[in-house]
Amino acid sequence: MDRTLRVLSGQSGQVVKGLRQSVTKRGLHGTNRKTLQGVADYIYRNRARMHYDEYLANGWPIASGSVEGARKNLIKEDTTHYPSSGPSQAGHDYSQPPPIRSQNA
């Protein structure tokens, strides 16, 4: 199974294991080694947030474009030129989720 499909099916731990074994078994060095180790480390560090199988089963979007679109609609502001965390020039703190707004508001 393709590594991307494994991550999407909730098997990120197996992908990390496979990438690390690949580095060792192939005897990779230099840029190739650094790249594969970097990918494996990223997936490992973020594995608690990578429950894509559950997200997809619930019909939740997993693409950042969907998230940016929702944020733009909720906040009514274009946020593409702001940093991904911390307060924006308009005073919004994007490191925190926006407040839940009532549909009646």
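Where a number appears in this text, it was derived from the coordinates with a stated rule and is not lab data. Since we're looking at a predicted model, the values are computed, not measured. Glycine gets a Cβ as well: all are built from the backbone with ideal geometry, and neighbour counts include every protein chain shown.
Listing for the model above:
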| quantity | calculated |
| --- | --- |
| Residue 5-residue 25 pseudo-label distance in nm [points 7 Å out on the Cα-to-Cβ vector] | 1.8 nm |
| Cβ-defined net charge surrounding residue 33, 14 Å radius [Lys, Arg +1; Asp, Glu -1] | +3 |
